1. Among the residues of segment 29-50, are any without any contact (Cβ under 8 Å) to a residue 40 or more places away in the chain and assigned to a helix (DSSP H, G or I)?
2. Consider Ala612 against the criteria (1) open to solvent by 60 Å² or more (accessible area, probe 1.4 Å); (2) in a loop (DSSP other than H, G, I, E, B): it satisfies all of them except one. Which criterion is unmet?
3. Starting from segment 443-462, keep only residues that are in contact (Cβ under 8 Å) with a residue 60 or more places away in the chain, then list their pairs with residues that are open to solvent by less than 20 Å² (accessible area, probe 1.4 Å) and among the small types (Gly, Ala, Ser) whose Cβ atoms are within a distance under 6 Å, requiring at least 6 positions of separation or different chains.
4. Counting just the residues of segment 135-157 that are away from the ligand (no atom under 11 Å from the Cβ) and within 29 Å of Arg58 (Cα to Cα), which one comes out surrounded by the most Cβ atoms within 10 Å (Cβ to Cβ)?
5. Sort through Gly257, Gly271 and tell me the only one that's within 20 Å of Trp312 (Cβ to Cβ) and within 16 Å of the ligand (Cβ to nearest atom).
6. Considering only residues that are over 20 Å from Arg35 (Cα atoms) and open to solvent by less than 20 Å² (accessible area, probe 1.4 Å), which ones fall in segment 232-262?
7. Just to verify a result, which residue in segment 327-381, among those that are part of a helix (DSSP H, G or I) and open to solvent by 30 Å² or more (accessible area, probe 1.4 Å), is nearest to the ligand (Cβ to nearest atom)?
8. Counting only residues that are crowded, with 16+ Cβ neighbours inside 10 Å and among the basic types (Lys, Arg), which one in segment 559-588 is nearest to Leu442 (Cα to Cα)?
Amino acid sequence: MKRTLGVCYYPEHWPEQQWADDAAQMVATGLTWVRIGEFAWSRMEPRPGQFTWEWLDRAIAVLGAAGLNVVLGTPTATPPRWMVEKYPDMLPVDAQGNARKFGSRRHYDFSHLGYRAESRRIADLMGARYGANPHVAAWQIDNEYDCHDTTLSYSAAALAGFRDWLAQRYQSTDALNRDWGNVFWSMDYDSFDQIELPNNTVTEPHPAHVLAFRRYASDQVVAFNKVQADALRKYTKAPLIHNYMGRTLTFDHYKVGADLDVASWDSYPIGFLSDRLEGTYKEKQKFLRQGHPDNQAFHHDIYRAVGRGRLWVMEQQPGPVNWAPYNPAPLPGMARLWAWEAFAHGAEAVCYFRWRQAPFAQEQMHAGLLRADSAPAPALDEAAQVAREIASMPDVDAVQAQVALVFDYESAWAWDTQPQGADFDMFRLAFAAYRALRRAGLSIDILPPDTADLSDYKLVLAPGLMTLSDTLRNALSTFDGIALIGPRSDTKNAELSMKLPLGPNLPDTDVTVAMTESMPPSDAVALQGRGQFHHWFEHLEGSAPVHLATRDGQPAIMGGDNLRYLAGWPDDKTFDRIIGGLCDSLGIATYDLPAGVRIRDTGTHRFVFNYAAKPRNWNGITIPPAGVHWEPTT
Ligand code: GAL
């Protein structure tokens, strides 16, 4: 697979006379993809049924004639004003019950069937018009599902859809009452029409009710995406793509991805560090202009799984963004490093967002490859450098990782619903495990929770899985490496009630979670030797061997040769020690990497990235700040 570069472009923002020059400059920079169209509905269909496709025909022709491949976006993230007049009840409603207004974007409710039909209609029209266009080489459906918190909507449309969904899932209210345990607090129902959305209750709503609504809401995203995918597939064989976001867990990305050909995501490393990751600014200071050294990698790996091996970065941060609390500029070299890191994780394409900074509207403070006055912004040269480097490198060649991390979206909803400790968060837990693997210099695959075959891996981590699926349990029962399951794994049934007999039910492994504690940041459970569990600790019982104990003698890791249960949430140093010990016993090579240095292996090369703001040494080689080094794998 070839590595390629591209850019996001909005022909409707610029005079038509400028398009050809822009296209020529993109090509001269070494870009081959240009993504367009995803917010342009008001310029495609200014009034219902009145179409002005001609400008888009010409834009595609001009870009294509310059030699660019077009990624054409369906514009359903930005329904035009007339649509809201046609369907006033299509607006998403927040948890307090307030309708969110027109005047920005994503002002639609995934449950609204009228809007879903409109989205099918516009996708169908675009497919019919451009599906066979030789310049349209890929499609993007919608833009960033859930951006601005739009998966969960407490609207009339959602209420009607939810009741119908419940009736289909449970068939009778007796079954629902039994499965949820509605005898508790007299919450029994006689009819599906009595069931409300789980907002504005007096105290916390029933966890099974919330989890059902989260599943329902995720299914609406899947359905919304699928109607467009089905419409487009009638007309095109080009890959269908969606651009997912960072740290967004409100819908099951694996299920959306099953209807698409490629998973892409929008990578804003500095914005995410400031806006979306735990830690104080003092702690983040070291990476303020680089982004967290593991966050991009984590998302590349999870979206490679969502895309069943096919990954793109559809939007790559080029300079300061406009939306984080603070928006520093990247260290020189980072726009290059981020692209190479994506390629090292298997990306086929990296597209910078955006070509030229817009001098107007919400994102005028967001950098592009060009400044608003068309002068080059710093990332333009870096993109050109990446393009030259790609030309001198062999094609993408994935390598089989030895280590895997299982990640599950339903569990994220479960723990959101029932955190039990203020710091318990699925992303945070999985990311803590992932970071430890990365600090050991390992290349990682992320796997979905229904993975049926683990035989390619030596070490598998599965933290925080609410329920082990039968397929995964089967795969674990014959696994001959080491799988470390937990904490908080397989202790709930599908309705978020406790399992009886108590979990986890690990094949041939006598371990039971007898009691669970969560701890405030001021507290921890000390382990024998050194290290500690923070946030979370489960008291284990059973006859399985104890591999690690707490200082007061309770099991901390328990299980057999292959399947082991981790009773708590290790702090970073403890995670390092646990991973180091497991890798030693499995014969997996680990590295003592300098701070901020990370490695990723491909089939042909080892890539070494310096996220530090200072030069670092790797095997006698000095890598400058924001530097990338690669060497052939032997
Ligand atoms: C993304 C979005 C783009 C643009 C960008 C700014 O979330 O897809 O349209 O808003 O952020 O960083």
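1. Yes, that holds for at least one residue.
2. (1)
3. Ser443/Ala401; Ile444/Ala401; Asp445/Ala401; Asp445/Ala404; Leu447/Ala404; Lys458/Gly481; Leu459/Gly481
4. The qualifying residue surrounded by the most Cβ atoms within 10 Å (Cβ to Cβ) is Trp139.
5. Just one listed residue meets the conditions, Gly271.
6. Passing the criteria: Thr248, Phe251, Asp252, His253, Val256.
7. Pro378
8. Arg577
The values are calculated or read from the model by the stated rules, or taken from the named source; none is laboratory data. Quick caveat, the model's predicted, so the values are computed rather than measured. In this analysis, Cβ positions are derived from the backbone assuming ideal geometry, glycine residues included, and neighbour counts consider all displayed protein chains. For accessibility, only protein heavy atoms count, side chains too; no ligands or nucleic acids. Shrake-Rupley method; radii C 1.70, N 1.55, O 1.52, S 1.80 Å.
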